[in-house]
Amino acid sequence: MSQSWTNGLYETAIDRIFPLTKAIPVIIGLSVALALPGCSGKIGKKNADLFAGQGSPRYKGSGPLPKGGGRRHVGKPYTINGKRFYPKDVASYERTGVASWYGPKFHRRMTSNGEWFDMHDLTAAHTTLPLPSYVKVTNLSNGKEAVLRVNDRGPFAHDRIIDLSKRSSEILGFKGKGTQNVKVVYLGKAPIAHDGTHLAAMNRKHLRSSDYTRVASAMNYPSASRTMFASAEETPEPSAPAPQPVQTVAETESLLPVPVGDNGSYFVQAASFSNVDNAERAKYALGSLGPVSVSPVTVGANTYYRVRVGPLDNENSAYEIADLVREQGMHGAR
């Protein structure tokens with residue numbers, strides 16, 4: 001069947017909602033199936049595996065899956081099995097309910113925001129939250145917690161509120177049960193770029209030390225530096241190291257925007273130049289994003305001119321601005 005991109009979801013044949021014997025054309029992401037007109041939306045076979053089937057395109061490369069690299073996506077309202085869902089940007093979200101997990105049959109397939117699903121990563125699917133974003137999930141049976149990256153749509157069975165990757169369910173201690181009562185708290189939008197470093201730091205920031213140690217050990221995370229989240233009151237911004245030519249995204253994208261100022265506001269560093277005229281040109285190019293400043297920084301005997309966007313009110317705004325700066329070709333934005 002041909003595939004097309006509609007509302008951030010793929011149109012293909014799938015039986016994640018319907019049994020395999022009833023492969024019905026629907027609009028689909030990894031965890032999503034939108035019934036086309038004329039479909040009854042009923043589960044035909046008792047105890048059928050609701051999450052088995054074809055799904056979206058499979059990654060054709062070999063070796064480790066690429067991380068991140070999708071897009072920001074919310075999408076329009078949609079209906080599955082007679083239930084209407086309304087994706088939207090939110091400032092806050094907290095809900096308790098049943099979580100499930102999905103794994104091998106969707107491993108290495110494309111998610112609803114264009115990333116590749118890795119069942120070994122700390123990810124999740126949600127029906128309405130913006131993609132990608134972060135949630136803190138707490139297992140209400142054992143108290144275990146983890147911060148997960150939401151990059152897909154779902155689940156749609158039995159009023160479950162979130163669908164976790166296989167690894168996430170293992171870390172939260174309910175893989176063997178299949179489902180578990182959990183609390184889900186929205187933490188904010190995640191950066192498009194994802195190499196695990198920022199996710200590790202978010203776990204460090206939002207979890208108790210015992211939970212963070214467990215998550216970091218299970219995911220083989222390096223120790224997340226606390227200074228990544230230090231406030232200006234704790235650590236004044238240090239003198240900048242000698243800037244390099246424009247760095248690649250891979251070298252800088254995992255770094256957080258720097259919180260400075262008495263009110264904890266954030267700045268995004270777009271670039272650093274040895275020539276003040278180049279810095280002023282960059283400032284002009286970024287003017288539509290908000291207040292932009294050029295400030296000299298002395299490193300040894302040299303003076304460099306740092307271009308920054310800000311102040312910004314919060315970390316989420318800083319990440320959105322950083323993405324926009326990179327879209328203008330300043331790939332070292334942080």
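The values are calculated or read from the model by the stated rules, or taken from the named source; none is laboratory data. Nothing here was measured: the structure is a model prediction, and the numbers come from that model. Using ideal geometry, Cβ is built from the backbone for each residue, glycine included, and neighbour counts are taken over all protein chains shown.
Overview of values
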item: Looking only at segment 95-123, and only at residues there that are touching a strand residue (DSSP E or B) at 6+ places or on another chain (Cβ under 8 Å) and either of a type in the set (Asp, Glu) or under 9 Å from Lys166 (Cβ atoms) (or both), the one that is surrounded by the fewest Cβ atoms within 10 Å (Cβ to Cβ); result: His120
item: Residue in segment 156-172 that is surrounded by the most Cβ atoms within 10 Å (Cβ to Cβ), counting only those that are in a loop (DSSP other than H, G, I, E, B) and modelled with pLDDT of 95 or more; result: Leu172
item: Candidates Gly97, Gly176, filtered to the one that is without any contact (Cβ under 8 Å) to a residue 40 or more places away in the chain and either β-branched (Val, Ile, Thr) or over 17 Å from Gly75 (Cβ atoms) (or both); result: Gly176
item: Matching residues, segment 74-113, being of a type in the set (Lys, Arg) and assigned to a strand (DSSP E or B); result: Lys83, Arg84, Arg95, Arg109
item: Residue, surrounded by the most Cβ atoms within 10 Å (Cβ to Cβ), within segment 173-191, restricted to residues that are hydrophobic (A, V, I, L, M, F, W, C) and closer than 17 Å to Thr138 by Cβ; result: Val182
item: Verdict on Val215 being of a type in the set (A, V, I, L, M, F, W, C), at pLDDT 85 or above and more than 22 Å from Lys67 (Cβ to Cβ); result: no
item: Output for segment 293-323, where each listed residue is hydrophobic (A, V, I, L, M, F, W, C) and under 27 Å from the mean Cα position of the chain (by Cα); result: Val307, Val309, Leu312, Ala318, Ile321, Ala322
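One line per residue, one yes/no per condition, for (1) in a strand (DSSP E or B); (2) more than 21 Å from Gly188 (Cβ to Cβ); (3) among the hydroxyl-bearing types (Ser, Thr, Tyr); (4) at pLDDT below 80:
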| residue | (1), (2), (3), (4) |
| --- | --- |
| Glu251 | no, yes, no, yes |
| Ala270 | yes, yes, no, no |
| Thr303 | yes, yes, yes, no |
| Ser317 | no, no, yes, yes |
